[in-house]
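Let me begin by handing over the structure; questions about it come next.
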Amino acid sequence: MRLILRRSPILVLLAACAATMTQVGATQPEVDSSAEISPDASSVLASPRQSTIVPITGEITDVTSESLKRRVELAKEDGAQVIIFEIETPGGAVMAALDICDFIKGLGDIHTVAWVHSHAISAGSMIAMACDEIVMSAASSIGDCGVIMGSPLGAEAVPDDLKAKAESPVLAQFRDSANRSGYSRILCESLVVQDRVVWWLENTETGERVFVSDKIKNARIGAGDDPTTQPSINPTWKLVESYIDALGGHEVAVDQPVVDDGELLTMSQSEAVAYGFAKGIVSDDQALVSRYNLAGTPSRLEFTWSEQFVGYMTSMPVRTFLMIIILLGAYVEFHTPGVGVPGLVAVIALAVFVGTPYLTGLADMWDIVFILLGIVLLILELFVIPGFGLAGIAGVLMILMGMFWTFVPNEPGPWHVVPTMQGTWNAIRQGLVSMVTAMVVSMVAMVYLAKWLPASRFGSKLVLSAELAREETIKTGLSTIKTIDVEVGARGETLSILRPAGKARIDGQRRDVVTQGEMIEQGKAIEVLVVRGNRVVVRELGGSNSTNV
């Protein structure tokens with residue numbers, strides 16, 4: 001329970017006359033037993049303060065972190081002295097949550113309040129405890145910050161050999177918050193790890209209540225399956241039996257231990273107040289105004305629609321889907337002559353795949369440069385450098401590596417060859433799972449497309465139809481294609497490398513042709529196998545390339 005000053009006419013009068021009185025006398029203020037729902041003591045005599053509410057809702061991601069920083073800067077520009085973070089979240093990414101905690105703790109003179117409005121679970125509880133104080137709504141909960149590993153396939157437990165490394169930065173953040181705000185350190189640790197058994201003891205002489213481990217509890221009051229029946233080793237300490245509910249004012253029995261082995265601490269609003277985490281119960285904006293002596297109802301700085309959209313587009317399922325679209329679009333484009341819809345779709349999907357993480361700070365300019373260089377090398381290999389060699393392989397690898405690193409955030413501090421934080425390794429794992437999943441799905445789809453696409457009505461529409469091609473030639477005066485008529489069995493010569501699409505001269509005419517998947521060098525003799533619409537499928541002929549055409 002927190003002690004505050006009551007509002008008193010005598011106290012206000014003395015404060016107003018303090019500068020002119022030669023002798024000041026005042027009675028001691030009374031202790032307010034309803035402190036958890038009373039105005040903040042530090043603001044009783046202060047002038048009303050400017051404030052802003054910054055909601056933190058949904059899953060915690062890098063988008064959340066960047067959005068929160070933007071909104072806090074706007075609040076500071078508007079002169080906010082109190083920033084209230086309205087929290088309703090099931091948790092999210094560890095790295096993003098740690099970044100938010102460090103940012104909040106560095107706000108300096110601004111008084112930060114975490115208003116848990118419904119629930120602050122996992123990363124939400126860590127963010128709440130990074131604030132100067134916590135208040136809860138009338139029906140809310142906070143806690144359970146166990147570290148898990150996320151992937152496109154869902155949440156998974158951290159392997160035992162990695163658990164200590166994964167939990168270390170989260171524990172360090174909670175311990176720092178405990179030191180700053182006077183929370184019980186062992187209770188904070190029990191939010192993260194499952195091997196903390198916590199007892200609640202009371203000093204029978206002073207009324208002091210403390211949370212202790214098994215070892216300290218046994219040293220003070222003894223051990224046993226039912227410690228309440230054991231003779232006390234130190235009669236000045238006993239187990240806490242009940243507390244007063246901050247919401248209803250009635251007595252609530254305490255189950256001991258308050259956190260057992262294998263559990264993670266999760267608290268209701270009343271437990272959070274009783275355990276010393278929350279300062280009180282605040283259910284609406286007007287209660288906030290009264291408690292913190294705010295200058296009117298605080299405004300809210302919500303997520304923008306673009307931030308919500310970017311958050312959706314950077315989710316693992318969406319990014320996996322985008323990569324499938326990129327791979328399939330490129331495959332169809334290379335297997336059909338000309339430049340058509342599949343290539344355009346692949347380019348747009350690539351722009352979204354890279355652009356959205358860049359907007360959130362997850363990807364940086366070097367990732368984009370890597371991808372662009374890979375594309376340049378691939379274009380050179382396809383249209384300038386003969387054969388498919390080092391440039392083509394390097395281009396493909398650079399594109400894949402650039403796409404992969406858009407999943408991985410930069411670590412704070414100096415650059416490391418090997419990542420040093422568990423959150424980075426988690427991101428690497430997620431990127432690998434996402435990309436491998438996309439490649440496997442794409443390869444299965446490519447096999448299906450290879451059989452279905454040539455014979456489909458949709459496939460024939462991917463490039464210009466025969467009649468339309470003739471009309472466009474007449475309109476533009478082009479003479480490269482005099483007619484589209486070609487017979488199966490006709491022979492010709494490749495004018496460019498077919499990979500598998502390219503140019504050839506058949507019956508004296510330049511044509512867009514495609515192979516059955518193999519690559520044919522420039523200047524090779526070819527034979528027409530299939531003619532379907534404007535799609536001409538060819539194969540290489542054996543022997544000399546000096547065929548008469």
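Got a sec? Which of Glu251, Glu208 is more than 22 Å from Ser141 (Cβ to Cβ), over 41 Å from the mean Cα position of the chain (by Cα) and either modelled with pLDDT of 85 or more or among the aliphatic types (A, V, I, L, M) (or both)? Talk me through it step by step, then tell me what you get.
Details: Glu251 fails: more than 22 Å from Ser141 (Cβ to Cβ).
Selected residue: Glu208, the only one of Glu251, Glu208 that is more than 22 Å from Ser141 (Cβ to Cβ), over 41 Å from the mean Cα position of the chain (by Cα) and either modelled with pLDDT of 85 or more or among the aliphatic types (A, V, I, L, M) (or both).
While we're here: Sort out which residues of the range 289-335 are at negative phi and polar (S, T, N, Q), and write them in order of number.
Going through the range 289-335, the residues at negative phi turn out to be 289-292, 294-295, 297-335.
Once the filter is applied, which keeps residues that are at negative phi and polar (S, T, N, Q), the range 289-335 yields Ser290, Thr297, Ser299, Thr304, Ser306, Gln308, Thr314, Ser315, Thr320.
State yes or no: is Leu264 surrounded by 19 or more Cβ atoms within 10 Å (Cβ to Cβ) and either modelled with pLDDT of 90 or more or in contact with a strand residue (DSSP E or B) (Cβ under 9 Å, 6 or more places away or on another chain) (or both)?
Numbers: surrounded by 19 or more Cβ atoms within 10 Å (Cβ to Cβ): no; either modelled with pLDDT of 90 or more or in contact with a strand residue (DSSP E or B) (Cβ under 9 Å, 6 or more places away or on another chain) (or both): yes.
No, not satisfied.
For the condition outside any helix (DSSP H, G or I) and either buried (at least 17 other Cβ atoms within 10 Å of the Cβ) or modelled with pLDDT of 80 or more (or both), what is the one hit in Leu464, Leu397, Leu378?
Residue meeting the stated conditions: Leu464.
Something else about it: Taking Lys69, is it surrounded by fewer than 24 Cβ atoms within 10 Å (Cβ to Cβ), of a type in the set (Lys, Arg) and either outside any helix (DSSP H, G or I) or under 16 Å from the mean Cα position of the chain (by Cα) (or both)?
When the stated conditions are applied, Lys69 passes them.
Moving on to the next point. Out of all the residues in the range 296-308, which are surrounded by fewer than 13 Cβ atoms within 10 Å (Cβ to Cβ) and assigned to a helix (DSSP H, G or I)?
Trp305, Ser306
All but one of (1) modelled with pLDDT of 70 or more; (2) farther than 23 Å from Ile325 by Cβ hold for Ala450; state the number of the condition that does not hold.
Condition not satisfied by Ala450: (2).
Need the failing condition index for Val531 against (1) at pLDDT 85 or above; (2) surrounded by fewer than 19 Cβ atoms within 10 Å (Cβ to Cβ), just the number.
(1)
In the range 78-111, which residues are surrounded by fewer than 19 Cβ atoms within 10 Å (Cβ to Cβ) and in a strand (DSSP E or B)?
Matches in the range 78-111: Glu88 only.
Provide a single number: the residues in the range 170-192 that are touching a residue at least 40 places away in the same chain (Cβ under 8 Å) and either part of a loop (DSSP other than H, G, I, E, B) or crowded, with 19+ Cβ neighbours inside 10 Å (or both).
12
Among Val31, Val94, Val54, which is the only one that is within 24 Å of Phe277 (Cα to Cα), among the β-branched types (Val, Ile, Thr) and at pLDDT 95 or above? Step through it out loud before you land on a result.
Values: Val31 fails: at pLDDT 95 or above; Val94 fails: at pLDDT 95 or above.
Every option except Val54 fails the conditions.
Filter the range 480-512 down to residues that are modelled with pLDDT under 50 and either surrounded by 15 or more Cβ atoms within 10 Å (Cβ to Cβ) or more than 30 Å from Glu381 (Cβ to Cβ) (or both), then give me how many there are. Full working, then the answer.
Step one: of the range 480-512, the residues modelled with pLDDT under 50 are 480-483.
Remaining after also requiring either surrounded by 15 or more Cβ atoms within 10 Å (Cβ to Cβ) or more than 30 Å from Glu381 (Cβ to Cβ) (or both): 481-483.
Count: 3.
Let me ask something additional. Name every residue in the range 254-289 that is closer than 12 Å to Trp200 by Cα and either within 29 Å of the chain's Cα centre (by Cα) or outside any loop (DSSP other than H, G, I, E, B) (or both), in order of residue number.
Val259, Ala274
Can you tell me which of (1) of a type in the set (A, V, I, L, M); (2) within 22 Å of Tyr331 (Cβ to Cβ); (3) touching a strand residue (DSSP E or B) at 6+ places or on another chain (Cβ under 6 Å); (4) at pLDDT below 85 is the one Val538 doesn't meet?
Among (1) of a type in the set (A, V, I, L, M); (2) within 22 Å of Tyr331 (Cβ to Cβ); (3) touching a strand residue (DSSP E or B) at 6+ places or on another chain (Cβ under 6 Å); (4) at pLDDT below 85, Val538 violates only (4).
The values are calculated or read from the model by the stated rules, or taken from the named source; none is laboratory data. All values derive from a computational prediction rather than experimental measurement. Cβ coordinates were reconstructed from backbone atoms using ideal geometry, including for glycine residues, and neighbour counts include every protein chain displayed.
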